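These notes concern the structure reproduced below.
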Amino acid sequence: MRTIVFRAKGDDEQTKDRWFKGSYYRTDDTIYCFKEDYDAHPDNTKHYILFDETTDWGLPNRKLKASVNPNTLGQYIGREDIHGKRIFEGDIVKFYDCLNGYDSIGYVGFENCSFVIIRKDIMTHYRWTDYTVEVVGNIYDNPELIKEKI
């Protein structure tokens, strides 16, 4: 069975710089009866990452949820980089561009039902087939690593 894991940053002042990894859960907080309620609260959708936290030795893990910013949500692509680090959507990766014969930098995206490495500066998308990659950052914490704005 494949591992499906998501990550996202927290959405409040205390957790905005913290990454949470686990299962993604999206829900509408409430269903209103009157149009005026919808007008007063147009976005009642909440986004969460559900995760386990270890407790004291020998005790069961705690099941927790963190409210997250959906704009930072990314899925684990099922691959690791050269150091064994999991690769997620939004990661910035360094890889050897065999077509041009030099190291390149791109970011991981999801297009046409597959994960790809995207280079906006030359509008090229790379498949994962023959590339060895190294995660060097992500588009949320290190946007300066990508030459072209995302």
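Things worth noting here:
- Candidates Leu50, Leu64, Leu73: whichever shows maximal mean-square fluctuation once the chain is modelled as a Gaussian network with Cα springs under 10 Å: Leu64
- Sites excluded, chymotrypsin sites (Phe, Trp or Tyr not before Pro) in DSSP loops with at most 14 other C-beta within 10 Å, longest stretch of the chain: 58-150
- Across all directions, the average projected area of the convex hull around the alpha carbons of the chain is 13.3 nm².
- For Lys46, residues with placed amide H under 5 Å, excluding near neighbours: Thr27, Asp28, Asp29
- Counted charge near Gly22, where neighbours are those whose Cβ lies closer than 11 Å (Asp, Glu -1; Lys, Arg +1): +2
- Of every Cα-Cα pair in the stretch 1-42, the percent that sits beyond 14 Å: 65
- Residues in the chain average 68 Å² of solvent-accessible surface per residue, probe 1.4 Å, ligands and nucleic acids excluded.
- Prolate/oblate/rounded label for the stretch 28-95 (Cα gyration tensor, a/c 1.5): oblate
- Normalising the average separation of contacting C-alpha pairs (under 8 angstrom, six or more residues apart) by the number of residues puts the relative contact order of the chain at 18 percent.
- Charge tally around Asn44: other residues with Cβ under 11 Å, Lys/Arg +1 each, Asp/Glu -1 each, net -3.
- For the stretch 41-101, relative contact order (Cα pairs under 8 Å, six or more residues apart, normalised by length) works out to 21 percent.
- Within the accessible area of the chain (1.4 Å probe), percent carbon and sulfur: 49
- Ellipticity estimate at 222 nm from DSSP helix runs (n ≥ 4, -39,500 (n - 2.57)) divided over the chain, nearest 500: -1000 deg cm²/dmol
- Counting Lys and Arg as +1 and Asp and Glu as -1 over every other residue whose Cβ lies under 15 Å from the Cβ of Arg2, the net charge comes to +1.
- Accessible area of Lys9 in the full protein assembly, 1.4 Å probe (Å², nearest 10): 20
The values are calculated or read from the model by the stated rules, or taken from the named source; none is laboratory data. No experiment lies behind these values; they were computed from the predicted model shown. For neighbour counting, all protein chains shown are included, and Cβ atoms are generated from backbone atoms with ideal geometry for every residue, glycine included. Protein only, heavy atoms only, side chains kept; ligands, DNA and RNA dropped before computing areas. Shrake-Rupley method; radii C 1.70, N 1.55, O 1.52, S 1.80 Å.
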